[in-house]
Structures are given as C-alpha cells and as structure tokens.
Amino acid sequence: MGVQKTIAVIRGDGIGPEIVGEALRILNAVAKLYGHTFLYDDVDMGGIAIDKWGDPLPAEMLEKCLRADSVLLGAVGGKKWDGIPGDKRPEKGLLRLRAGMGVYANNRPAKIWRQLADASPLKKAIVEKGIDFLIVRELTGGIYFGARQTGEENGERYAADEMRYTEKEIRRIGRIGFETARKRRGKLCSVEKSNVLDCSRLWKKVLHELAEEYPEVTLTDMLVDNCAMQIVKDPSQFDVIVTENMFGDILSDEASMITGSIGMIPSSSLGDGTRGLYEPIHGSAPDIAGQDLANPIGTILSAAMMLKYSFDLTEEADAVENAVDRVLEQGYRTADILGSDPACIRVGCREMGERIEAALRFIAANGNGKDTTI
Ligand code: IPM
Ligand code: MG
C-alpha cells in the first residue's frame, strides 16, 4: 500500500538547487512507480536564508522541518557569506538544524563503486582488497557545540572552543555504532585521542562498558591520527568506525576521497525517532554552481537512504541504488568521476538525473536482482 509523507526540502546555496532538483526528480519517479505520495515543503536555510531573512535558519523554517516526516538537504555556504560573524554564517544554520532536530547520529558510508575503482587515488592493490565501511559520526555535541570565546588578554587576542561530552551523549552514539556493526560484519572501531584528551578517555571507557552488551561485536580502539593513516594504508580493515563530531568530520572527507569522488557519498542523520536529515557530504561548490556540472548522485543516494531509514521503503531504496549502479555501468559520468576510460560518456547534472530516472523505470518494470545496498 502506498504511503504519504511530507518532506522538508532545503535546496540551499551553490550547486544545492541543482542536485536537489535531480533528487526530487527521482523521488517523484519513485512515488509514481510505486504508488506513494510525497509532499514537499520548501525551507530556506544557509546563505539564501541570510539574504532573504537575515538569519541562516529562521525559527519558522526549523518548525517546518520539525513538522515534516523527513528533511532533504543539498548544501549551504559560499564565499559570498565568508565575512559574516560566526553565529550568523550559513553553516550555523546547518548546526542549528542538526541540534534542533536532535539528529545525533550521522551515518557516512565509504564504499567504492566497482565502476569507479580507477578514480580512487589509492594504488590498485589497496583498492582491490575492498573499500566498504561506514563512519558513524556524533553530530550534536563536542567542540561544534561547546562554549566559545574570542577576546583579548594582556594585549593579545585569544580564542577558545570547548570540547565537552557527557557519558549519555557518548553512550547513545556508541550504541548506534554497536547496532550498526551488528547488522554488518560485526567489527566496530572506536576512534579517539585518548593519549591526550579527557573527552576521549571518557569516550573509550563508555565504549568498553557498552561492549559487554554486544558480545557478537568485536570492539577495537584507534587513535585518530593513526586512523587517518590506516584509512589510506589499508581501508579494507574497517567495517564501522564510531567517533566524535570533529574527528568524524575530518575522517569522512578522507574516507570519501579514497572511494573516487566526494560527489558520490550520501549521509543520513538520525536521532531517536524516524525523522532524519539526509544530505550529501560534499559542500556547495559555488565555483561550479549553475553550470550543470555537479554530480547529483550523492544527493540521490541520500534520498534513497531517506526511503529506507525514515520511510521503511527498502525495495524502493534498493531500486534507486540499483538505478545508479546501472547508469554507471552504462558508462555515464559527471566530470568529477570521468576518469580516463574513453568508453565513458560525460554528462551534466540534469542528464545524470534523467538517466537514473530512466534506469529506475526500467528496474521497476523488469526487476533487478543486483544488491548494491549501502
Ligand atoms: C559536513 C560539513 C559541515 C560540518 C559544515 C558545513 C558545518 O563539513 O557536514 O561535514 O563540519 O559538519
Ligand atoms: Mg565536513
């Protein structure tokens, strides 16, 4: 039976409107092909909200997101708003949205698509061992949300950002890490800096307390600097990484790059309910905005994650992922994933969306046994 869902749509800045436009094309196709109804509610956030309303996330915009069943986001920010004070920047809108929605668990898969193995900057021998892991990043705590101060003391300017975690915050994200690992290959790597930071020492303790409840999961600890090295040295060793907010921000960019392009990586952010925030992990790329050059796949796969995790529409989500797989198999590539294979065909953002829609129609009509689940 068809479902009816309201989706708050944040197109945002730079390439945001283009990539979200293609994700909506796919959601509309899913609705039509599988008999669902998706209602969209446009939300201004980021630079565009600053320009229109003088605030990166006006209260009524957050309200719209809280009323929706889920939220789809493109990207926010750009040079235009660089000079603005910290608490009024476009990114602040995103942080307030994450906190306001209570989505503390950010799930960022790093999986190599076999068609794009050549685009990875890693040596072939490393890539061939397989890259398929997931970073579970704590998203509403730590240094991103701690007390901050900028001032002057003894004739010198200073600035301070506090990193603070409560055991409750650590336990709930740790639990997501264990639950996720349990559904995958049963390996959880907790990443911290316990040789220096008190926050990390508490993190490590709480993770090990939790481990007793999950005997089927193997927990290992890794220092964040070593993890940054291991991700390029032998990414096949990882299944699920769980880490705090800022470490997760940095490691997930690194992890995405080894899969070929940051443009391919979706993400989900969830709290205790089913309402999630879904966004590609890349930024707003203002340098290529409005030129039909962006890769919409990260956003389209984010919409697929929404179907699966917020709406429980697993078959539809798999069909979207398989449609992406099919289009890559046919050789269509946006500029960022073009590589050197002369058989590949370069397409723009819109055509990539159209091709994926066509593949989805094909799959809905003919089925597709492949499982490319992310
Ligand atoms: C990300 C981004 C954001 C973050 C910025 C835009 C605030 O880099 O989602 O990874 O640091 O969380
Ligand atoms: Mg980031």
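Structural remarks
- Some residue of the stretch 132-143 being in contact with a Leu (Cβ under 6 Å, 6 or more places away or on another chain), assigned to a helix (DSSP H, G or I) and of a type in the set (Gly, Ala, Ser): no
- Flag for GLY130 being surrounded by fewer than 22 Cβ atoms within 10 Å (Cβ to Cβ), free of Cβ contacts under 8 Å to residues at least 40 places away in the same chain and small (Gly, Ala, Ser): no
- Where strands (runs of 3 or more DSSP E) sit wholly within the stretch 1-80, those with at least 1 residues that are in contact with a Phe, Trp or Tyr (Cβ under 9 Å, 6 or more places away or on another chain), within 16 Å of ligand 1 (Cβ to nearest atom) and in contact (Cβ under 8 Å) with a residue 60 or more places away in the chain occupy 70-75.
- Pairs, first more than 14 Å from ALA31 (Cα to Cα) in the stretch 306-326, second of a type in the set (Lys, Arg) and not in a helix (DSSP H, G or I), C-beta under 6 Å, six or more apart: ASN322/LYS370
- Residue within the stretch 201-219 that is part of a strand (DSSP E or B), surrounded by fewer than 15 Cβ atoms within 10 Å (Cβ to Cβ), modelled with pLDDT of 95 or more and more than 16 Å from ligand 2 (Cβ to nearest atom) present: yes
- Checking each residue in the stretch 325-358 for being β-branched (Val, Ile, Thr) and touching a helix residue (DSSP H, G or I) at 6+ places or on another chain (Cβ under 6 Å) picks out VAL327, THR334, ILE337, ILE356.
- Qualifying residue in the stretch 269-282 (condition: part of a helix (DSSP H, G or I) and more than 22 Å from PRO90 (Cα to Cα)): no
- Condition met for GLY2 (surrounded by fewer than 16 Cβ atoms within 10 Å (Cβ to Cβ) and either of a type in the set (Asp, Glu) or on the phi > 0 side of the Ramachandran plot (or both)): no
- Residue check for THR274: free of Cβ contacts under 8 Å to residues at least 12 places away in the same chain, surrounded by fewer than 23 Cβ atoms within 10 Å (Cβ to Cβ) and within 25 Å of THR180 (Cα to Cα): no
- A single entry from LYS111, LYS88 fulfils the requirement of being more than 19 Å from GLY263 (Cα to Cα) and of a type outside the set (S, T, N, Q): LYS88.
The values are calculated or read from the model by the stated rules, or taken from the named source; none is laboratory data. All values derive from a computational prediction rather than experimental measurement. Methodologically, a virtual Cβ is constructed for each residue, glycine included, from the backbone with ideal geometry; neighbour enumeration extends over all protein chains shown.
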